[in-house]
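The structure appears below as C-alpha cells.
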There are 2 protein chains.
Amino acid sequence: MSQSPWQPISPAKPARPSREPLTRDRIVDAAMGLLVDQGYEAVSMRKVAQALGTGPASLYAHVANKQELDHLLVDRAAQEMRFPEPDPARWQEQLKEAMREMLRVLRAYPGVARAAIGQVPLGERAMLTTEQLLAILKAGNVPDQAAAWAVDLIPLYVTATAFEESVQRAAEWTEADIKTFVADLRTYFESLDSSRFPLTVALAPALTAGGSGDERFEFGIQIITAGLASLAP
Amino acid sequence: MSQSPWQPISPAKPARPSREPLTRDRIVDAAMGLLVDQGYEAVSMRKVAQALGTGPASLYAHVANKQELDHLLVDRAAQEMRFPEPDPARWQEQLKEAMREMLRVLRAYPGVARAAIGQVPLGERAMLTTEQLLAILKAGNVPDQAAAWAVDLIPLYVTATAFEESVQRAAEWTEADIKTFVADLRTYFESLDSSRFPLTVALAPALTAGGSGDERFEFGIQIITAGLASLAP
DNA sequence: ACCTGAACACCGTTCAAGT
DNA sequence: ACCTGAACACCGTTCAAGT
C-alpha cells in the first residue's frame, strides 16, 4: 500500500453524503430501503432524497416523477420472482406455484403492492414474469386469448391480495390485533338483524375463517386455476 | 307579503355559505359531487370543506377522518346496486349479472373504486350487497366456506378492475388516446427480442385485444363463475 | 355541542441559478 | 450535464379559542 490509508487524496468531504453521483439505481435502492423498513407511505420523493443526502429536486434528473419511481420499485421486486419450468403434465400445480411465488415476493416487500396496483407492468423484469406465466398456460393448452387475459387477471388478483394485507400492515397491526379484530367481526356479524342479514348471520364463522390470508389465497388460486382448466381442450 | 323581500330579518349572510348545519350526509353529498365531476384526487378534506363554505377542521366533528369519509363514499355507491332475486336454475348467470351491476355502479362513480380498494366493506349498504351475493351462491349450492371466501374474492376482482380503469380516466385519456396506446403497446410487444420474449411477441395481438375492458371483464367473471361451479355438488 | 382560524408537519413538482 | 435552494400549490389533522 503506497497510499496513506487514513487520508484520501481527494479533499475531505462532509462525511455523510457520499459523493458518488446520483443514479437511477441508487435512487431505487434508497426507495426500496425506505419501503422495507418504514412502509410505502415513507417512500416520498423528499424522503428518498433525504436518505441520499440531497434535495428532492435532484431526483428529477434521473427519474421522471413519483409514478416512474413506483414502476421501478415494482420491477425491482419482479426481479426476485422465480417460476417453475413449464411441464404440460403439471401445469395447474405450476400455475398455483407461480401465484404463490408472486405473493411471497410481494409480502417480502410490503408496500410494493401499493405501488403496483392498477399499473400495467411494462418494466423489463415484470414483463419476464408475464412471459413465464404465458409459458405455463401454453403448456396447459389454454387458448391464446384466454392465456392473454389470464396474465392480466392473475397479477391483478395476487396484487390486490397483497395490497389488502399491506393496508393492515401499514396500520401496524400485530398478529394479536388481527385475531381480536376477526373475533369482534364474527361477534358483530352474529349480532346482526337476522331478518335482514340471514346469511351473514348464519355464515359468520365461515366469513371470518382463514384470517391469516393463506387459506383465502389458496381458495382464490384454486378458483382461477379451475376456471382456466375449464377452457383448455 | 308582509315582509320586505329585499332584506331578510336575520342578519345578512355572505350569500354563498347556506347556513344549514353541517351533517354527515351533507359532507358525503359534497364529497360525492367532487368525486363525480373532478375525480377521486379532488376529494380532499380541504376541498370538501371549501365546497361546503367552511374550513377543513369543521368536518372533523362529523367524520372521524379521511378514511371514514372514503368508507362513506363506498357505502353510498353500494346503495345503488340492484341484484337479481336468487333462482337456483340460473345462479351462474345471476352471479355474472351481479358482478356486471357492481362494475356498472363503480364506473358511474369513477373514483369510488380507489376509495374501496383494500377496504373491508362494513357499511350497512355494502353489507347488504354481500348478503345478496351470498344468497345467489347458496342458490347454486356452493358450499358455505367457498361462498364465504367468494364474497371476498368477487368484490376484490370487480373493484380492482374498476380501479385500473379509473387510473386511466384520472389521466384524462380519451377513447382515441387509449386506442393509440393499445396500438403502440402491440407494436412494442411485437418488436421485443423473440428469443427472450417468444410468447409475448407471438401473442401480441391477443395481449392487446379487448381494449374497452368489457371483454376482459367478461372473461374474468366467466373464470370466477366456472371455478365456483366446479365446487358446487 | 358545534364551529373556526391558525398552525404543524408534511406532499410532488418546477425553475432559475449555480458548478 | 448535473445538481441545488427556494418557492408554489397543495395535503390530513390538531388545538385553543370562540359561539
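The values are calculated or read from the model by the stated rules, or taken from the named source; none is laboratory data. Predicted, not measured: the structure shown is a model, and the values here were computed from it. Please note: Cβ atoms are built from the backbone with ideal geometry, for glycine as well, and neighbour counts cover all protein chains shown.
Return yes when B:GLN94 is among the polar types (S, T, N, Q), away from every other protein chain (no Cβ under 13 Å) and assigned to a helix (DSSP H, G or I) and no when it is not. Yes; evaluated as a whole, the condition is true for this residue. With respect to (1) of a type in the set (Phe, Trp, Tyr); (2) more than 10 Å from chain A (Cβ to nearest Cβ); (3) in a helix (DSSP H, G or I), the lone exception for B:TRP173 is condition (3).
Residues that are more than 8 Å from every other protein chain (Cβ to nearest Cβ), under 19 Å from the mean Cα position of the chain (by Cα) and of a type outside the set (A, V, I, L, M) within the range B:216-233 comprise B:PHE217, B:GLU218, listed in sequence order. When each of B:TYR40, B:TYR109 is tested for being in contact (Cβ under 8 Å) with a residue 60 or more places away in the chain, within 16 Å of DNA strand C (Cβ to nearest atom) and crowded, with 18+ Cβ neighbours inside 10 Å, the lone residue that passes is B:TYR40. Looking only at residues of the range A:190-203 that are in a helix (DSSP H, G or I) and at the interface with another protein chain (Cβ under 9 Å from one of its Cβ atoms), we find that the one that is nearest to the chain's Cα centre (by Cα) is A:THR200.
Here B:GLN94 passes the criteria (1) of a type outside the set (Val, Ile, Thr); (2) crowded, with 19+ Cβ neighbours inside 10 Å; (3) away from DNA strand C (no atom under 16 Å from the Cβ); (4) within 26 Å of A:VAL182 (Cα to Cα) except the one numbered (4). Test A:GLY213 against the stated conditions and say whether it is at positive phi and under 17 Å from the mean Cα position of the chain (by Cα). Judged against the criteria, A:GLY213 is a match. Taking the numbered list (1) part of a helix (DSSP H, G or I); (2) within 16 Å of DNA strand D (Cβ to nearest atom) in turn, A:ALA64 passes all entries but (1). For the range A:1-41, give me the residue count where each residue is more than 25 Å from A:ARG114 (Cα to Cα) and modelled with pLDDT of 50 or more. Of the residues in that region, 4 qualify. Selection of first residues in the range A:45-59 that are assigned by TED's automatic domain parsing to the domain that holds A:ALA115 and of second residues that are more than 6 Å from DNA strand C (Cβ to nearest atom), restricted to Cβ pairs under 9 Å at least 6 apart or on distinct chains, gives an empty result.
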